[in-house]
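**Q** Following this message is one structure expressed as structure tokens.
The values are calculated or read from the model by the stated rules, or taken from the named source; none is laboratory data. Fair warning: this is a prediction, and the values are worked out from it, not measured in the lab. Note: ideal-geometry Cβ built from the backbone for every residue, glycine included; neighbour counts use all protein chains shown.
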Amino acid sequence: MRNTSIMDLKQFKRKAARKQEELTGFLKKLDTTVPRGFSRIVAEEDAEVWKTTDCTTCANCCKTMTPVFTKTDIKRIATHMRMTPKAFADKWLIKEDDTGSIVNKEQPCQFLIDDKCSIYEVRPRDCAEFPHHYKRPFDLYNDTFIQNVSRCPATFNLIERLKKRVEAEYEW
């Protein structure tokens with residue numbers, strides 16, 4: 001059964017800050033040493049994380065990050081909002097100088113209303129795939145998880161569980 005209580009983001013941020021270095025070190029070690037059967041372990045631990053995680057009680061990703069918008073995302077969302085893709089992009093989006101990525105002009109996300117996504121059905125692919133736990137092989141996305149461990153309670157919990165399990169079951 002899922003825990004439907006409201007996420008205490010202040011408490012989460014304190015805990016994540018305390019454990020950031022430890023969990024980052026674990027993820028960096030995975031860059032060079034991946035335990036045998038790791039993808040199975042990731043799948044098992046991720047399933048456990050989602051039994052007690054309800055993203056709708058948090059929305060920290062929407063408050064602290066911006067998705068990358070693809071041309072397909074822009075067209076789909078603009079159509080949903082009865083705007084042209086150009087009008088939508090001009091109103092809400094910018095192109096990052098350093099990456100060339102198309103992102104929100106502001107944070108928190110302009111579509112976050114009362115901690116809920118007002119365009120959930122047509123949200124950007126980047127949002128729909130967040131927190132990217134299903135990317136494979138998992139260990140190739142350690143930089144993503146390092147970034148997200150202090151922003152996403154589900155990622156924090158997954159990495160914490162993986163660290164405990166790997167350290168208990170493997171010598172490395």
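For every residue, the table says whether it meets (1) at pLDDT 95 or above; (2) more than 20 Å from LYS63 (Cβ to Cβ); (3) surrounded by fewer than 18 Cβ atoms within 10 Å (Cβ to Cβ).
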| site | (1), (2), (3) |
| --- | --- |
| VAL103 | yes, no, no |
| TYR120 | yes, no, yes |
| ARG123 | yes, no, no |
| PHE138 | no, yes, no |
| PHE145 | yes, no, no |
| CYS152 | yes, no, no |
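**Q** Next question. Looking at ALA47, is it farther than 16 Å from PRO124 by Cβ, assigned by TED's automatic domain parsing to the domain that holds LYS164, hydrophobic (A, V, I, L, M, F, W, C) and surrounded by fewer than 16 Cβ atoms within 10 Å (Cβ to Cβ)? Step through it out loud before you land on a result.
**A** Working: farther than 16 Å from PRO124 by Cβ: yes; assigned by TED's automatic domain parsing to the domain that holds LYS164: yes; hydrophobic (A, V, I, L, M, F, W, C): yes; surrounded by fewer than 16 Cβ atoms within 10 Å (Cβ to Cβ): yes.
For ALA47, the condition - farther than 16 Å from PRO124 by Cβ, assigned by TED's automatic domain parsing to the domain that holds LYS164, hydrophobic (A, V, I, L, M, F, W, C) and surrounded by fewer than 16 Cβ atoms within 10 Å (Cβ to Cβ) - is met.
**Q** Just for helices (runs of 4 or more DSSP H) wholly inside segment 43-101: which have at least 1 residues that are closer than 16 Å to ALA128 by Cα? Walk me through how you get there before you give the answer.
**A** Values: elements: 60-64, 71-80, 85-92.
Output list reads 60-64, 71-80.
**Q** Being part of a helix (DSSP H, G or I) and among the aliphatic types (A, V, I, L, M) is the filter; apply it to segment 20-42 and report the residue that is nearest to MET7 (Cα to Cα).
**A** LEU23
**Q** Filter segment 50-76 down to the residues that are of a type in the set (Lys, Arg) and farther than 17 Å from ARG161 by Cβ, then identify the one that is surrounded by the fewest Cβ atoms within 10 Å (Cβ to Cβ). Lay out the reasoning, then the answer.
**A** First, the residues of segment 50-76 that are of a type in the set (Lys, Arg): 51, 63, 71, 75-76.
Now narrow it down to the ones that are farther than 17 Å from ARG161 by Cβ: 63, 71, 75-76.
Working: LYS63: 14, LYS71: 10, LYS75: 14, ARG76: 19.
If we take residues in segment 50-76 being of a type in the set (Lys, Arg) and farther than 17 Å from ARG161 by Cβ, then LYS71 is surrounded by the fewest Cβ atoms within 10 Å (Cβ to Cβ).
**Q** Sticking with this one: Out of curiosity, is LYS13 within 16 Å of the chain's Cα centre (by Cα), closer than 16 Å to ILE146 by Cα, among the charged types (D, E, K, R) and assigned by TED's automatic domain parsing to the domain that holds LYS164?
**A** Taking the combined requirement at face value, the residue satisfies it.
**Q** Within segment 154-172, which residues are in a helix (DSSP H, G or I) and surrounded by 13 or more Cβ atoms within 10 Å (Cβ to Cβ)?
**A** Passing the criteria: ALA154, THR155, PHE156, ASN157, LEU158, ILE159, GLU160, ARG161, LEU162, LYS163, ARG165, VAL166.
**Q** Which pairs turn up if I take residues in segment 63-88 that are at positive phi and look for partners that are acidic (Asp, Glu) and assigned to a helix (DSSP H, G or I) with beta carbon separation below 6 Å, at least 6 apart in sequence or on another chain?
**A** Partner pairs satisfying both residue conditions: none exist.
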